[in-house]
Amino acid sequence: MHTFQTRSTPRLVSGPGVLGQLGECVGSVGGTHVLLVTDAGIVKAGHVGHAVGVLEEAGISVTIYDRTHENPAEADIEACRQFAEDLPVDCLVGFGGGSSMDTAKGCNFLLSNGGRMSDYKGYGLAKKAMLPFIAVPTTAGTGSECQSYAVVSRDGSHEKMACGDPKALAKVALLDPELTVSQPLKVAWLTALDALSHALEAAVCTRKNPVSALYAKEAFRRIASGIEMVLQDAALLEHRASMQLGAALAGMAIENSMLGAAHAMANPLTAKYDVVHGHAVALMLPEVMRWNREERSAVAVYLELAAMIQEPLIEWVEHVIGLAKLPDLAGCGVTREAIPELAASAATQWTGQFNPRRLTEEDFGGLYERVLGG
C-alpha cells in the first residue's frame, strides 16, 4: 500500500463533429480573442478555416499562428511568443498534433511568465497565472491534450525538456475523430504507435497508481481495438474515434504516472538521428518489454493486457509495429560504434528512472545492441 496523488484532467468533449462546439468551449473559459496555434498542413486540410468560422460565429476573435514546426525547440516557442505578445489574446487553442499543442503550451509559459523555456524545465516553476488553454488534436497519438507538460527541445543540444505546470493543463480537450481523417498515412502510423507505447509504459512504470492504471488499461483496450485497422489504412470512423480517445486516456495515464525505458532510448535517436518520435519509441519498445519480464509487477500487467487481446502481448506488439513497415535501427543510420554515446544519453533521460526494472548505462547499451542486431 502506497501514498499517491492524482492530477487534474481536462474536460473532454468527444465525438464526430464536436469541432462545432469550439466556440462554446472557448466561451466557457472566458475567451474572447483566441490565438490558434497550428501548422500549415492543418490549414491546407481546411480544418483551421472550419474552426475560425465556428469561433467567429460565436463572436470570438481569432488570430492564427501557423508556423509550428515538428519537435519544437526553444527558438520556435520564442517565435510564437513574439508573434503573440502585442495581441489582445486571452485564450490559446492548440490545433494539430503534439507539436502544435506543445508550442501553444510553451507560448503560454512565456507570455504569462516571461523568460525562456529552459527556465521551466521540471514541474511547477511558473509563478504567475497562465491563460486558459484548449487542445484540439488532429492526430491520435501524443496525448498532449491531456498533459500539463510542454515537451520542447533545447536549442543547440536538442535535449528534450519536459516543462510542466498544473496551470498549463488544457481546460478542455476537444476530440473530434473527423479531424484525423485527413492526416497523412505515415503520420497516422507513427502517432498510433506513440499512443500504444504510452499506454504500455504508463501501465507498468514505478510511478503508476490505481487511477493511472485504470487510464492506461482502458487506453490500451481502445487503442488495441483500432490500431491494426489504422496501420492497414482500413480505419473506419469508429476505429479513429477509439484511437483518439485511447490516446487521450494514455495522456491522462502519463499525467498521473510516468513513462519508461523505451522513451528514454527513443529520445537520443530523435536528437541525434532525427528519427520521428513514434518511430523511435516503436523500435525500442519490444526489447524493453522483454527486459521488463524479469520484474514480477510488470509481468502481471502484461498478462492482464494480453488477456484483452487474447494473444501473447510482446508478439502482438511486434506484429503491430511490423504493419507500419518502418526502417530498422540500421536503416535509420545507427551503427554499432554509436551505441556507447546513445546509451550514455539514454541513461540521463528522465523517463528511464521510472522503468519497472532498473537499467544502467551498460544495460541500455545491451538493449541497443539487441535492437540493432535483431
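Read-outs throughout are calculated quantities, based only on the coordinates presented, and are distinct from any laboratory measurement. Keep in mind the model is a prediction, meaning the values are calculated, not measured. Reconstructed Cβ throughout: ideal geometry from the backbone, glycine too, with neighbour counts over all protein chains shown.
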*Note down the nm distance, to one decimal, between modelled labels 7 Å out along Cα→Cβ at R207 and at Y273.*
2.7 nm
*Under unit Cβ charges (Lys, Arg +1; Asp, Glu -1), what dipole magnitude, rounded to 20 debye, does the chain have relative to its Cα centre?*
780 debye
*Using the number of other C-beta atoms within 10 angstrom as an exposure proxy, rank W316, W189 with the fewest first.*
W316, W189
*Here are some pairs, K217/K325; K105/K171; K44/K160; K44/K325; which of them have Cα atoms lying more than 18 Å apart in this structure?*
K217/K325; K44/K160; K44/K325
*Please give the per residue volume of the convex hull enclosing the alpha carbon atoms of the chain, rounded to a whole number of Å³.*
122 Å³
_Looking at the chain as a GNM with Cα springs under 10 Å, which of S148, S100, S157 has the largest mean-square fluctuation?_
S157
*Between R336 and H2, what is the label-to-label distance in nm when each label sits 7 Å out along the Cα-to-Cβ direction?*
3.8 nm
*Can you tell which of V172, V136, V62 shows the greatest fluctuation in a Gaussian network model of the chain with Cα springs below 10 Å?*
V62
*Counting DSSP beta bridges with both partners in the chain, what percentage is antiparallel, nearest 5?*
20 percent
*Identify, among Q5, A262, A219, the residue whose Cα sits farthest towards the positive end of the charge dipole of the chain, taking +1 on the Cβ of Lys and Arg and -1 on the Cβ of Asp and Glu, with the dipole about the Cα centre.*
Q5
*Measuring from centroid to centroid over Cα atoms, what is the spacing of the stretch 67-143 and the stretch 290-349 in Å?*
31 Å
*In the P(r) worked out for the stretch 23-156, what percent of Cα pairs fall beyond 17 Å?*
54 percent
*With the chain treated as a Gaussian network of Cα nodes joined by springs under 10 Å, which of Q183, Q349, Q232 yields the largest mean-square fluctuation?*
Q232
